[in-house]
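Each remark here refers to the structure printed beneath this line.
The values are calculated or read from the model by the stated rules, or taken from the named source; none is laboratory data. The structure presented is a predicted model; accordingly, all values stated were derived computationally and were not measured. Surface accessibility is based on the protein's heavy atoms, side chains included, excluding ligands, DNA and RNA. Shrake-Rupley method; radii C 1.70, N 1.55, O 1.52, S 1.80 Å.
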Amino acid sequence: MKFDLQPRGDYAELAGSGRLNMVGAPELREAVAAALESGHRNIVLNLGETDFMDSSGLGALVGCLKAARQAGGDLRIANIGPQLEMVLKLTSMDRILTPYPTAEEAFSRG
């Protein structure tokens, strides 16, 4: 996976494309860690170009959420497709990582 970081005022948007699996998961962790190290505490993962997620990807999302919260911020997800939505619902992770329709809405809703 490739991640593009865009500062957006109160938060930073990380847009990812590809597959969030055992290959993409470490790349996600590294991208979030780099964003946190550069001072971005609130991060939105725009997953509109992410077409697949498995348990490795889900574990990476949880780890990134924990890292952001430990840094005094938060991590939110936005623009997810049907396959990612299904994985989140089947694992009840949609209760912890609530998907937002767009990256802009993720932090504007509080």
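Using alpha-carbon pairs under 8 Å, 6+ residues apart, how would you state the relative contact order of the chain in percent? Could the numbers behind the result be given before it?
Working: 202 pairs, mean separation 27.7, N = 110.
After rounding, I find 25 percent.
Based on DSSP H runs of at least 4 residues, each adding -39500 (n - 2.57), what is the mean residue ellipticity at 222 nm of the chain after dividing by all its residues, to the nearest 500 deg cm²/dmol? Don't jump to the answer; show the numbers that get you there.
Numbers: 4 runs with 45 residues, N = 110.
Dividing the helical sum by the residues of the chain leaves -12500 deg cm²/dmol.
Mind listing the phi-derived Karplus ³J(HN,Hα) values for region 31-39, rounded to whole Hz, using 6.51, -1.76 and 1.60 with θ = phi - 60°, and x for any glycine or proline?
3J(HN,Hα) across region 31-39, in whole Hz: 5, 5, 4, 5, 5, 5, 5, 8, x.
In Å², what does the accessible area per residue of the chain work out to with a 1.4 Å probe? Don't skip to the end; give the middle numbers.
On the way: 5690 Å² over 110 residues.
For the chain, the solvent-accessible area averages 52 Å² per residue.
What does the extension gain come out to for residue 96 and residue 108, with contour length at 0.36 nm per residue minus their alpha carbon separation? Provide the component values of the computation, followed by the final result.
Working: separation 12, 0.36 × 12 = 4.32 nm, distance 1.77 nm.
Between residue 96 and residue 108, full extension yields 2.6 nm more.
Under 5 Å between amide hydrogens, which residues at least 5 positions from residue 8 or on another chain qualify, with H placed 1.01 Å from N in the peptide plane?
13
With no solvent and one equal point scatterer placed on each C-alpha of region 1-101, evaluate the Debye formula and give log10 I(q)/I(0) for q = 0.15, 0.16, 0.21, 0.22 Å⁻¹, two decimals.
Reported log10 I(q)/I(0), two decimals: -0.50, -0.57, -1.04, -1.15.
If you find the alpha carbon centre of region 62-86 and of region 88-105, how far apart are they in angstrom?
Cα centres, region 62-86 to region 88-105: 8 Å.
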